[in-house]
1. How many percent of the accessible area of the chain is carbon or sulfur, using a 1.4 Å probe?
2. Roughly speaking, what is the stretch gain from residue 164 to residue 219, that is 0.36 nm per residue apart minus the C-alpha to C-alpha distance, in nm to one decimal?
3. Treat each spin label as a single point 7 Å out from the Cα along the C-beta direction, and report the residue 196 to residue 176 distance in nm.
4. Taking residue 37 as the anchor, which lysines have their alpha carbon closer than 25 Å to its alpha carbon, excluding any fewer than eight residues away along the same chain?
5. Multiply the residue gap between residue 7 and residue 72 by 0.36 nm, knock off their C-alpha separation, and tell me the result in nm, one decimal place.
6. Roughly how many Å² of residue 161 are accessible to a 1.4 Å probe, to the nearest 10?
7. PRE reach from residue 26 (point 7 Å along Cα→Cβ): which of the stretch 173-191 fall under 16 Å by backbone N?
8. How big is the dipole moment of the chain about its Cα centre under a simple scheme where the beta carbon of each Lys and Arg is +1, that of each Asp and Glu is -1, and everything else is neutral? Debye, nearest 20, please.
Amino acid sequence: MEETLKDNLNRVEERLARILARCGRRREEVLLLAVTKVFPYQAIEAAHALGLREFAENYVQEFEGKHPYVKDLPGVRFHLIGHLQSNKSRRASELFDVIETVDSSKLARRLNETERRLEVMLEVKLSPEGSKSGAAPEDLPQLIETVRGCGNVRLTGLMTMPPWSENPEESRPYFRRLKELAVRHGLPGLSMGMSHDFEVAVEEGSTCIRIGTALFGRRRKPEAA
Ligand SMILES: *Cc1c(COP(=O)(O)O)cnc(C)c1O
């Protein structure tokens with residue numbers, strides 16, 4: 001597995017280097033976030049050994065099982081990129097460093113009440129067919145005001161997941177729209193782009209690409225496990 005992962009990582013880094021060069025951006029501007037949902041904790045260990053430090057999971061419950069094995073890896077940080085119910089916010093705050101899927105004032109307030117000072121991003125829903133969760137763009141101003149009033153969370157940016165399409169160009173309008181919203185609200189972080197469309201996302205200003213399949217291969221179990 002390590003060999004394949006190493007090759008996969010090299011391929012992703014090559015793709016990334018190519019697109020960065022084309023748009024005159026630097027490698028440090030884009031975080032490569034390794035999405036390990038469905039894979040065992042050994043996948044995190046192996047990727048960490050190859051130098052990756054930031055990992056993303058979709059489900060609190062699934063990550064609970066892996067966390068004890070990986071929490072002490074040097075320099076490691078964990079992002080939650082799946083929908084979070086507010087009744088799981090306390091547990092999520094213990095497991096994750098970044099919650100990328102804040103989409104309501106209620107959830108923001110719950111996270112603000114937990115012990116740890118979390119970094120948060122707001123998930124924006126830009127189409128009816130994309131991710132099921134996320135705040136509507138018209139609700140963003142109010143949500144941002146609430147989150148900025150929460151002293152215990154640090155708002156760093158926006159995240160989105162366009163409707164799935166074979167053709168990465170189909171994602172471009174969504175990425176562009178997310179960037180516009182981030183600029184309008186003075187938010188530097190843009191979590192957008194996955195295995196099949198991250199080049200387009202980087203062209204549109206992504207600061208965080210979320211890569212699962214291109215690193216770890218196809219996921220066996222359905223995502224909605
Ligand atoms: C699973 C997932 C990813 C990774 O997708 P790949 O196509 O496997 O790279 C990225 N973001 C979110 C929100 C996901 O659920």
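The values are calculated or read from the model by the stated rules, or taken from the named source; none is laboratory data. Everything numeric in this text was worked out from a predicted model, so none of it was measured. All Cβ positions, glycine included, derive from the backbone under ideal geometry; neighbour counts span all protein chains shown. With ligands, DNA and RNA removed, areas are computed over all heavy atoms of the protein, side chains included. Shrake-Rupley method; radii C 1.70, N 1.55, O 1.52, S 1.80 Å.
1. Details: 5230 of 10950 Å².
Ligands and nucleic acids excluded, carbon and sulfur give 48 percent.
2. On the way: separation 55, 0.36 × 55 = 19.80 nm, distance 1.58 nm.
Extra length from residue 164 to residue 219 when fully extended: 18.2 nm.
3. 2.1 nm
4. 6, 66, 71, 88, 125, 132, 221
5. Details: separation 65, 0.36 × 65 = 23.40 nm, distance 2.57 nm.
Here the answer is 20.8 nm.
6. My reading of the accessible area for residue 161 is about 80 Å².
7. What the label zone holds, given the 16 Å backbone N cut-off, is no residue at all.
8. On the way: 35 positive and 34 negative charges, 58 e Å.
Here the size comes out at about 280 debye.
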